[in-house]
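The block underneath contains the structure these notes are about, expressed in structure tokens.
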Amino acid sequence: MANPKLRVLVVNDEPADQLVLERRLKAEPDWDLTVTVVADGAEAIEALRAGFFDLAFLDYKLPDMDGIKLLDQVRQLHPKTASVMVSGMGSERLAVEAMKHGAADFLAASELNSADLGRLLRRGLE
């Protein structure tokens, strides 16, 4: 059986976090991924207007908007795109707020290295 093909959007303004997540995603052996990395909300909206993504990893703190506002834009442009909120603040309040706005999951930035990306990618297919 062929590996599932998924388009993934990573929105994060921290180069180190971008790199960690992109490498972890591309290292997933059971998936055929196309990963697009952007550094702010405006670039993310531009990428979303240009095409569909199965899954989006959205940083909460971006230079031009917060992740909740971006999450609302993702839901508006592509309601079927599964979104995972990523935050260095890792608070339960923020996780609940993200879920209320339609996030499929919430991930603390400190968990990027150990995240079960296979589980998150499966959400992109559901």
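The values are calculated or read from the model by the stated rules, or taken from the named source; none is laboratory data. Keep in mind the model is a prediction, meaning the values are calculated, not measured. Here the Cβ is made from the backbone with ideal geometry for all residues, glycine too, and neighbour counts use every protein chain on show. Heads up: the accessible areas ignore ligands, DNA and RNA and are worked out on the full protein's heavy atoms, side chains in. Shrake-Rupley method; radii C 1.70, N 1.55, O 1.52, S 1.80 Å.
Which value, in Å², gives the accessible area per residue of the chain when a 1.4 Å probe is used on the protein heavy atoms?
On the way: 6630 Å² over 126 residues.
Here the residues of the chain average 53 Å² of exposed surface.
Please list, in order along segment 30-47, the HN-Hα scalar couplings obtained from phi with the Karplus expression 6.51 cos²θ - 1.76 cosθ + 1.60 (θ = phi - 60°), rounded to whole Hz, x for Gly and Pro.
Ordered by residue, 3J(HN,Hα) equals 8, 9, 9, 10, 10, 10, 10, 10, 10, 9, 7, x, 4, 5, 5, 5, 4, 5 Hz.
Using only the alpha carbons of the chain, what is the convex hull's orientation-averaged projected area in square nanometres? Let's see the in-between values first.
Values: hull surface 27.7 nm².
For the Cα atoms of the chain, the hull's average projected area reads 6.9 nm².
Carbon and sulfur: what percent of the chain's accessible surface (1.4 Å probe)? Let's see the in-between values first.
On the way: 3260 of 6630 Å².
Accessible surface attributable to carbon and sulfur in the chain totals 49 percent.
Using protein chains only and a probe of 1.4 angstrom, how many square angstrom of Asp72 are accessible, to the nearest 10?
60
Mind counting lysine pairs for me in the chain? Cα separation below 25 Å, and the two need to be 8 or more apart along the chain or on different chains.
10
Between Lys80 and Ala50, how many nm apart are label points set 7 Å from Cα along the C-beta direction?
Between Lys80 and Ala50, the simple spin-label model gives 2.2 nm.
For the residue pair Glu111 and Asp64, what label-to-label distance in nm results when each label sits 7 Å from Cα along the Cα-to-beta-carbon direction?
Here the answer is 2.9 nm between the modelled labels.
I need the phi-derived Karplus couplings for segment 55-65: 6.51 cos²θ - 1.76 cosθ + 1.60, θ = phi - 60°, integer Hz, Gly and Pro marked x.
9, 10, 9, 10, 6, 6, 9, 10, x, 10, 5
By accessible area of protein heavy atoms, probe 1.4 Å, what ranking do His101, His78 get, highest first? Let's see the in-between values first.
Details: His101 65, His78 35 Å².
The most accessible residue leads, giving His101, His78.
Determine the order of Thr36, Thr81 by accessible area, beginning with the largest, at a probe radius of 1.4 Å. Could you put the intermediate results ahead of the total?
Values: Thr36 40, Thr81 0 Å².
Correct descending sequence by accessible area is Thr36, Thr81.
Accessible area, 1.4 Å probe, largest first: how do Phe106, Phe52 sort? Write down the numbers at each step before the final one.
Values: Phe106 35, Phe52 85 Å².
The ranking, largest first, comes out as Phe52, Phe106.
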